[in-house]
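Novice: Attaching a single structure in structure tokens format; questions to follow.
Since every read-out is calculated from the coordinates, none of them should be taken as a lab result. Please read all numbers here as calculations on a predicted model, not as lab measurements. Heads up, the Cβs are rebuilt from the backbone with ideal geometry, glycines too, and the neighbour counts pull from every protein chain shown.
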Amino acid sequence: MSSGVIIFGVLALVAVASAAGMLISQNSVYSALFLVVNFSVIAVLYLILGAPFIALAQITVYAGAIVVLFLFVIMMLGTARLPRSGPIRGQRLVAILVGVVFLTEAAVFLVWRSGLTGVISQPAVDFSTPAAIGNALFTTYTLPFEATSLILLAAVVGAIILTHPDQSVSRKDILKPGQKKENRG
Amino acid sequence: MVPISYYLGLSAILFVTGILGVLLRRNALVIFMALELMFNASNLLFVAFSAYYKILTGQIFVFFVMAVAAAEVAVGLALMVAIFRTKHSVDVDQVNVLKG
């Protein structure tokens with residue numbers, strides 16, 4: 001067994017364990033922290049696969065931005081723990097059954113039946129440098145890149161509108177500050 | 001080096017964990033986290049095949065998936081906050097009527 005397989009095994013074990021921890025832990029703050037571990041391990045796997053740009057984007061975007069947003073919302077709403085109430089009858093059993101069936105199916109068709117038995121060889125040094133990815137993004141994939149920026153803009157505007165208080169400030173309120181109603185928030 | 005089938009297996013396991021998270025948990029925020037886990041499982045496969053076939057397109061696609069996932073989380077969490085304002089709960093069992 002080569003050292004690469006041993007390293008992969010350890011990382012995969014940590015990834016699966018942290019994912020299971022996220023699934024099991026009752027406190028959603030702990031779930032978010034388990035998610036950070038999982039994202040970091042997957043970033044290391046990206047580095048092993050020769051994708052340094054994606055690995056660091058994973059750390060900044062997922063572990064840095066998205067999980068912090070999660071933690072912020074959990075702490076703002078104060079819903080780290082939900083009051084315990086029974087799930088729908090038999091839901092847990094059916095969910096586990098569906099999961100096992102899907103996993104078996106995925107294992108059969110992806111691992112054994114696909115015929116993909118090759119080994120991932122070490123990619124060339126200049127295969128996926130940030131320069132190469134930037135070059136591809138701004139030449140071949142310019143249109144999707146711009147579409148992504150539009151999606152992000154729409155998401156920002158949507159998030160602001162969704163969390164905006166119902167009563168918007170009209171021009172009259174600005175002109176007469178003394179008569180402003182205190183019904184915001 | 002590592003065979004591609006190992007990555008396929010790991011990705012399948014992580015994806016099923018995400019599915020179980022969506023099906024089993026009732027906290028809407030944890031359901032979102034499980035969604036992110038499924039995104040990550042598919043991203044891992046994209047990068048693995050990108051390294052396997054020596055084609056850069058897989059990594060470009062992962063970049064776009066990350067951007068769209070960030071947008072999705074921003075809107076989704078804003079929806080969570082809006083729902084919490086009316087329902088005072090993020091339990092998905094409580095969110096069974098559209099009327100606010």
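Novice: Is it fair to say residue A:93 is out of contact with any helix residue (DSSP H, G or I) (no Cβ under 7 Å at 6 or more places or on another chain), more than 27 Å from residue B:83 (Cα to Cα) and loosely packed, with under 11 Cβ neighbours inside 10 Å?
Specialist: On the way: out of contact with any helix residue (DSSP H, G or I) (no Cβ under 7 Å at 6 or more places or on another chain): yes; more than 27 Å from residue B:83 (Cα to Cα): yes; loosely packed, with under 11 Cβ neighbours inside 10 Å: yes.
Taking the combined requirement at face value, the residue satisfies it.
Novice: State whether the residues of the stretch B:78-89 include one that is assigned to a helix (DSSP H, G or I), aliphatic (A, V, I, L, M), in contact (Cβ under 8 Å) with a residue 24 or more places away in the chain and facing chain A (nearest Cβ under 7 Å). Break it down stepwise before answering.
Specialist: Our first condition is that a residue be assigned to a helix (DSSP H, G or I); within the stretch B:78-89, this holds for B:78-87.
When the remaining residues are screened for being aliphatic (A, V, I, L, M), the result is B:78-83.
Those still in the list that are in contact (Cβ under 8 Å) with a residue 24 or more places away in the chain too: B:80, B:83.
Filter again for facing chain A (nearest Cβ under 7 Å), leaving B:80.
Taking every residue of the stretch B:78-89 in turn, at least one turns out to be assigned to a helix (DSSP H, G or I), aliphatic (A, V, I, L, M), in contact (Cβ under 8 Å) with a residue 24 or more places away in the chain and facing chain A (nearest Cβ under 7 Å).
Novice: Assess whether residue A:33 counts as being of a type in the set (A, V, I, L, M, F, W, C) and at the interface with chain B (Cβ under 8 Å from one of its Cβ atoms). Give the derivation first.
Specialist: Details: of a type in the set (A, V, I, L, M, F, W, C): yes; at the interface with chain B (Cβ under 8 Å from one of its Cβ atoms): no.
So residue A:33 does not fit the description; no.
Novice: Out of the residues in the stretch A:1-36 that are among the hydroxyl-bearing types (Ser, Thr, Tyr) and touching a residue at least 12 places away in the same chain (Cβ under 8 Å), state the one that is nearest to residue A:122 (Cα to Cα).
Specialist: Kept after step one, since they are among the hydroxyl-bearing types (Ser, Thr, Tyr), are these residues of the stretch A:1-36: A:2-3, A:18, A:25, A:28, A:30-31.
Then keep just the ones that are touching a residue at least 12 places away in the same chain (Cβ under 8 Å); that gives A:18, A:28.
Working: A:18: 27, A:28: 39 Å.
In this case the residue turns out to be A:18.
Novice: Among the residues of the stretch B:9-26, is any closer than 30 Å to residue A:90 by Cα, not in a helix (DSSP H, G or I) and not charged (D, E, K, R)?
Specialist: Our first condition is that a residue be closer than 30 Å to residue A:90 by Cα; within the stretch B:9-26, this holds for B:9-26.
With not in a helix (DSSP H, G or I) added as a condition, the list becomes B:25-26.
So of that shortlist, the ones also not charged (D, E, K, R) come out as none.
Checking the stretch B:9-26: not a single residue is closer than 30 Å to residue A:90 by Cα, not in a helix (DSSP H, G or I) and not charged (D, E, K, R).
Novice: In the stretch B:40-58, what residues are buried (at least 22 other Cβ atoms within 10 Å of the Cβ) and farther than 19 Å from residue B:2 by Cα?
Specialist: Selection gives B:40 alone.
Novice: Across the stretch B:16-33, which residue is surrounded by the fewest Cβ atoms within 10 Å (Cβ to Cβ) among those that are without any contact (Cβ under 8 Å) to a residue 40 or more places away in the chain and more than 7 Å from chain A (Cβ to nearest Cβ)? Give the steps one after another, and end with the answer.
Specialist: If we filter the stretch B:16-33 for residues that are without any contact (Cβ under 8 Å) to a residue 40 or more places away in the chain, which is where we start, we get B:16-25, B:30, B:33.
Those left that are additionally more than 7 Å from chain A (Cβ to nearest Cβ): B:18, B:22, B:25.
Values: B:18: 25, B:22: 18, B:25: 24.
So, considering only residues that are without any contact (Cβ under 8 Å) to a residue 40 or more places away in the chain and more than 7 Å from chain A (Cβ to nearest Cβ), the one surrounded by the fewest Cβ atoms within 10 Å (Cβ to Cβ) is B:22.
Novice: A follow-up question, please. Name the residue, out of B:89, B:5, that is of a type in the set (Ser, Thr, Tyr) and touching a helix residue (DSSP H, G or I) at 6+ places or on another chain (Cβ under 7 Å). Walk me through it before giving the result.
Specialist: Numbers: B:89 fails: touching a helix residue (DSSP H, G or I) at 6+ places or on another chain (Cβ under 7 Å).
Answer to the selection: B:5.
Novice: Applying the selection to the stretch A:98-149, what residues are crowded, with 16+ Cβ neighbours inside 10 Å, of a type in the set (S, T, N, Q) and over 23 Å from residue B:59 (Cβ atoms)?
Specialist: none
Novice: For residue B:52, which of the numbered conditions (1) closer than 22 Å to residue A:124 by Cβ; (2) part of a helix (DSSP H, G or I); (3) more than 7 Å from chain A (Cβ to nearest Cβ); (4) not polar (S, T, N, Q) fails to hold?
Specialist: Failing condition for residue B:52: (3).
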